[in-house]
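S.K.: What follows is a structure written as structure tokens; I'll ask about it next.
The values are calculated or read from the model by the stated rules, or taken from the named source; none is laboratory data. Since this is a predicted model, take the numbers as computed values, not measurements. Don't worry about glycine lacking a Cβ; one is built from the backbone with ideal geometry, like all the others, and counts go over all protein chains shown.
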Amino acid sequence: MRLFFGLEVHAPWPDQLPHGRLLAPEMRHITLAFLGEIDETSLLPHLNTVPNLPKKLGWSGHFTSVDFFPHRHPNVVAWCMEWRVEQKSLLDYQQQLSSYVKELGFTLKEGHSFKPHVTLCRSPFKENEWRQAFQPLPFYTGALHLYRSLGHSTYEPIWTRPVHPPFIEVEHTADIAFQIYGSNSEELFRNAQLALAFKAPSLLEEPDPPFPINTWESTIKGLNWQIGELDQKEGTPFKAVSYHGNIETKDGLLTWEMIVDV
């Protein structure tokens with residue numbers, strides 16, 4: 001059975017993508033360690049010792065380009081990724097996980113340096129169509145899974161280590177609302193920005209506000225500053241983030257209900 005460790009990837013995926021053997025959104029992931037064909041019963045007893053992830057929340061960033069693998073005779077369409085502020089911790093964890101698997105006596109399929117990407121489609125496809133369809137959308141990573149390949153671009157998690165999402169959209173009577181999470185004020189701001197970018201992706205391209213983000217009030221002020229800057233360029237679906245709620249601490253994370261006027 002073909003097995004690999006990977007992280008779920010969540011994004012505001014386009015409803016329409018070019019022709020090809022598309023991977024369903026719930027199948028899209030980052031492969032961290034590919035074990036290949038092994039007897040899963042030889043690995044399952046060791047899963048309680050898999051190295052812990054270095055952070056409680058998923059990593060986040062945006063897609064930067066489309067690429068085709070392998071380069072000589074492509075049969076895969078992939079979107080490449082740029083990380084926000086946490087890239088080193090992800091690369092270090094990938095190395096730690098790979099070393100752990102090798103120490104157990106398994107051989108990893110290697111040959112290239114780790115380049116995080118998400119496979120969206122397998123051949124046949126037309127490269128020009130995929131180049132034109134690329135969008136620099138935001139994303140964040142979810143749970144760590146040991147996946148079993150079922151063929152036909154479908155995968156089944158057979159072991160999971162949950163990861164807390166950076167935000168959750170919640171119902172609100174008239175406006176948009178999110179529950180935002182972070183380990184500190186800066187991360188809370190970044191994840192609030194990420195939540196808004198799932199509705200308006202260009203927001204991630206805005207520069208940081210010209211003032212420090214170290215309080216709840218400055219977090220809201222900074223988000224509204226970025227919304228105002230983007231609104232002048234292309235418009236946004238938002239009016240403003242409301243001065244609503246308070247930052248609380250739950251399970252070692254800061255949390256805040258962000259209400260957005262639309």
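S.K.: Can you tell me which of (1) touching a His at 6+ places or on another chain (Cβ under 7 Å); (2) closer than 30 Å to residue 249 by Cα; (3) buried (at least 17 other Cβ atoms within 10 Å of the Cβ) is the one residue 58 doesn't meet?
M.R.: Condition not satisfied by residue 58: (1).
S.K.: Can you tell me how many residues within the stretch 24-36 are in contact (Cβ under 8 Å) with a residue 60 or more places away in the chain, surrounded by fewer than 20 Cβ atoms within 10 Å (Cβ to Cβ) and more than 17 Å from residue 95 (Cα to Cα)?
M.R.: 3
S.K.: Let me ask another. Return yes or no: is residue 66 exposed (fewer than 15 other Cβ atoms within 10 Å of the Cβ), among the aliphatic types (A, V, I, L, M), under 21 Å from residue 204 (Cα atoms) and assigned by TED's automatic domain parsing to the domain that holds residue 126?
M.R.: Values: exposed (fewer than 15 other Cβ atoms within 10 Å of the Cβ): no; among the aliphatic types (A, V, I, L, M): yes; under 21 Å from residue 204 (Cα atoms): yes; assigned by TED's automatic domain parsing to the domain that holds residue 126: yes.
Considered against the rule, which asks whether it is exposed (fewer than 15 other Cβ atoms within 10 Å of the Cβ), among the aliphatic types (A, V, I, L, M), under 21 Å from residue 204 (Cα atoms) and assigned by TED's automatic domain parsing to the domain that holds residue 126, residue 66 comes out as no.
S.K.: Since residue 194 meets every condition but one in (1) assigned to a strand (DSSP E or B); (2) out of contact with any helix residue (DSSP H, G or I) (no Cβ under 7 Å at 6 or more places or on another chain), which condition does it not meet?
M.R.: (1)
S.K.: Moving to a separate point now. Identify all residues within the stretch 143-155 that are closer than 12 Å to residue 6 by Cβ and either among the aliphatic types (A, V, I, L, M) or more than 19 Å from the chain's Cα centre (by Cα) (or both); write none if there are none.
M.R.: Within the stretch 143-155, 143, 144, 146, 148, 149 qualify.
S.K.: Search the stretch 214-251 for residues being among the hydrophobic types (A, V, I, L, M, F, W, C) and not in a strand (DSSP E or B), and hand back the single one that is nearest to residue 175 (Cα to Cα). Even if it seems obvious, please write down each step before you answer.
M.R.: Of all residues in the stretch 214-251, those among the hydrophobic types (A, V, I, L, M, F, W, C) come to 216, 220, 223, 225, 227, 230, 238, 240-241, 247.
Imposing the further condition that a residue be not in a strand (DSSP E or B) reduces the set to 216, 220, 223, 225, 227, 230, 238, 247.
On the way: 216: 20, 220: 16, 223: 16, 225: 19, 227: 16, 230: 20, 238: 9, 247: 20 Å.
So the residue we want is 238.
S.K.: Which residue, of 80, 121, is within 14 Å of the chain's Cα centre (by Cα), farther than 11 Å from residue 32 by Cα and assigned to a strand (DSSP E or B)?
M.R.: The unique qualifying residue is 80.
S.K.: So, one more: Would you mind stating whether residue 140 is of a type in the set (Ser, Thr, Tyr), within 20 Å of residue 11 (Cβ to Cβ) and within 14 Å of the chain's Cα centre (by Cα)?
M.R.: Considered against the rule, which asks whether it is of a type in the set (Ser, Thr, Tyr), within 20 Å of residue 11 (Cβ to Cβ) and within 14 Å of the chain's Cα centre (by Cα), residue 140 comes out as yes.
S.K.: Count, please, the residues in the stretch 225-246 that happen to be farther than 13 Å from residue 178 by Cα and within 24 Å of the chain's Cα centre (by Cα).
M.R.: The total comes to 6.
S.K.: Quick one: in the stretch 116-166, which of the residues that are closer than 30 Å to residue 48 by Cβ and free of Cβ contacts under 8 Å to residues at least 60 places away in the same chain is surrounded by the fewest Cβ atoms within 10 Å (Cβ to Cβ)?
M.R.: Here the residue is 151.
Here is a yes/no grid of residues against (1) at pLDDT 95 or above; (2) of a type in the set (Lys, Arg):
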residue: 199; (1), (2): yes, yes
residue: 221; (1), (2): yes, yes
residue: 244; (1), (2): no, no
residue: 247; (1), (2): no, no
residue: 259; (1), (2): yes, no
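S.K.: Residue 13 - would you say it is touching a Leu at 6+ places or on another chain (Cβ under 7 Å), among the aromatic types (Phe, Trp, Tyr) and under 30 Å from residue 169 (Cβ atoms)? First the steps, then the outcome.
M.R.: On the way: touching a Leu at 6+ places or on another chain (Cβ under 7 Å): no; among the aromatic types (Phe, Trp, Tyr): yes; under 30 Å from residue 169 (Cβ atoms): yes.
Against the criterion (touching a Leu at 6+ places or on another chain (Cβ under 7 Å), among the aromatic types (Phe, Trp, Tyr) and under 30 Å from residue 169 (Cβ atoms)), residue 13 does not qualify.
S.K.: Being within 17 Å of residue 94 (Cα to Cα) and either out of contact with any Leu (no Cβ under 8 Å at 6 or more places or on another chain) or outside any strand (DSSP E or B) (or both) is the filter here, so list the residues in the stretch 37-60 that pass it.
M.R.: Within the stretch 37-60, 47, 49, 50, 51, 52, 53, 54, 55, 56, 58, 59 qualify.
S.K.: Given the structure, is residue 113 over 14 Å from residue 78 (Cα atoms) and outside the structural domain of residue 203 (by TED's automatic domain parsing)?
M.R.: Yes, satisfied.
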